[in-house]
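The values are calculated or read from the model by the stated rules, or taken from the named source; none is laboratory data. Just so you know, these numbers come straight off a predicted model, no measurement behind them. Ideal geometry is used to build each Cβ from the backbone, glycine not excepted, and the neighbour counts take in all protein chains shown. Calculation scope for accessible area: heavy atoms of the full protein, side chains included, ligands and nucleic acids excluded. Shrake-Rupley method; radii C 1.70, N 1.55, O 1.52, S 1.80 Å.
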Amino acid sequence: SYSKVTNVQKKTGQWVVSIKSKERSFEIKTKVLINTMGPWVNSLSEIGKNQSMVRLVKGSHIVVKKLFNHDSAYMFQGKDGRIIFSIPYEKDFTLIGTTEVEHKECKEVKCSDKEKKYLCGFASNYFQKKITVEDIVWDFSGVRALYENKTVEARNANRDYSFEIEEKEGSVLLTVYGGKITTHRKLAEKAVSKITSLLKLTRKEWTSTQHLPGGGFKLEDKEKIIGGLLKKYKFLNMRWAERLFKTFGSEVENVLGRAKAKPDLGRKFGYDLTEREVLWYINQEHVRCVEDLIWRRSKLGLRLTSKQIRDLNSYIKKLN
């Protein structure tokens, strides 16, 4: 994490990749290089032909306090023909999104004031309570890398992915265009299949039967597992146990270990975040900064105060 590729070059049928991390600089030599840089896929033009172009479309979301008391999502269609969603989020909030705005690579990726007003106005047409920009507790944005097609609007652009393969002087470059989180496992498996085919290696596709870390349980057993956690770790309450299970799944007991009481989990950082959980993120999930923990590994940024976040940041910095 947080390592920078400083140079890529071909040497005698291999790629030589120069990398600089916080601790050191080093090189990796490989026969195959896979470019999965998303919106920045064409920024390393020196390593390949880059025949395809991507169209950058920004999507922004806003989060407000809970607007309804059930677990179902709403799908709304606006006067402009677009669709947005309103989704229960982190128990006490509602997520509203998304926008579709043409994005220039040089611009910062953030939710603009115009997008905030658009989403608030769009959702207000459907909810009894009018939503204003002042109601937003958090917002976030991402950039989709779509197939370039200047003849269609952003909302109608292709959401699929494609591959380009370049073989030269014994080295292989596989470039991935497009793709999204809902298809990431299928995309990855197809990419690996293309590479193993080129290298004449025999393998079978297997990821469809394998769970992600913490996913080793049946969904219908969720309540039973949470009940087991409450029985084993008597210091937990239902809200805390549900959050831990939602975050870590079947790995919760590895996180809590042999704790018998709250003090066994170490320092408290606010809400129900303890030192034991923070150390798990750092040692097992590559957390390097406070933003990693409160936004990328969890959404505890919605729960912690500014002072608590500063204290947590100082703790993580000392360990990293």
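Assorted remarks:
- Within region 131-146, residues that are free of Cβ contacts under 8 Å to residues at least 60 places away in the same chain sit with their Cβ atoms under 8 Å from residues that are open to solvent by 60 Å² or more (accessible area, probe 1.4 Å), at 6+ positions apart or across chains, in these pairs: V133/D113; V133/K117.
- Top-ranked residue in region 131-165 [being over 24 Å from S112 (Cβ atoms) and of a type in the set (S, T, Y); ranked as modelled with the lowest pLDDT]: T151
- Residues that are closer than 13 Å to T94 by Cβ and open to solvent by 100 Å² or more (accessible area, probe 1.4 Å) within region 117-131 comprise Y126, K129, listed in sequence order.
- Among (1) under 23 Å from G142 (Cβ atoms); (2) modelled with pLDDT under 90; (3) in a loop (DSSP other than H, G, I, E, B) - the single one K22 does not satisfy: (1)
- The one condition in (1) at pLDDT 95 or above; (2) open to solvent by less than 100 Å² (accessible area, probe 1.4 Å) that V109 fails to fulfil: (1)
- Residue among K231, K260 that is at pLDDT 95 or above, over 28 Å from H61 (Cβ atoms), out of contact with any helix residue (DSSP H, G or I) (no Cβ under 8 Å at 6 or more places or on another chain) and not in a helix (DSSP H, G or I): K260
- Check on A241, small (G, A, S), modelled with pLDDT of 95 or more and open to solvent by less than 50 Å² (accessible area, probe 1.4 Å): yes
Conditions (1) open to solvent by 30 Å² or more (accessible area, probe 1.4 Å); (2) under 23 Å from H184 (Cβ atoms); (3) not acidic (D, E), marked per residue:
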{"position": "V5", "(1), (2), (3)": "yes, yes, yes"}
{"position": "T12", "(1), (2), (3)": "yes, no, yes"}
{"position": "S18", "(1), (2), (3)": "no, no, yes"}
{"position": "S25", "(1), (2), (3)": "yes, no, yes"}
{"position": "P39", "(1), (2), (3)": "no, yes, yes"}
{"position": "Q77", "(1), (2), (3)": "yes, no, yes"}
{"position": "P88", "(1), (2), (3)": "yes, no, yes"}
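- For region 91-106, the candidate set comprises residues that are in contact with a helix residue (DSSP H, G or I) (Cβ under 6 Å, 6 or more places away or on another chain) and in a loop (DSSP other than H, G, I, E, B); within that set, the residue that is least open to solvent (accessible area, probe 1.4 Å) is T99.
- Residue in region 187-220 that is farthest from Y177 (Cα to Cα), counting only those that are assigned to a helix (DSSP H, G or I) and of a type in the set (D, E, K, R): E220
- Of the residues screened, K268 is one that is open to solvent by 50 Å² or more (accessible area, probe 1.4 Å), more than 29 Å from H61 (Cα to Cα) and either touching a residue at least 24 places away in the same chain (Cβ under 8 Å) or over 17 Å from the mean Cα position of the chain (by Cα) (or both).
- Hits in region 61-88 (condition: without any contact (Cβ under 8 Å) to a residue 40 or more places away in the chain and either closer than 25 Å to N42 by Cβ or part of a strand (DSSP E or B) (or both)): M75, Q77, I83, I84, F85, I87, P88
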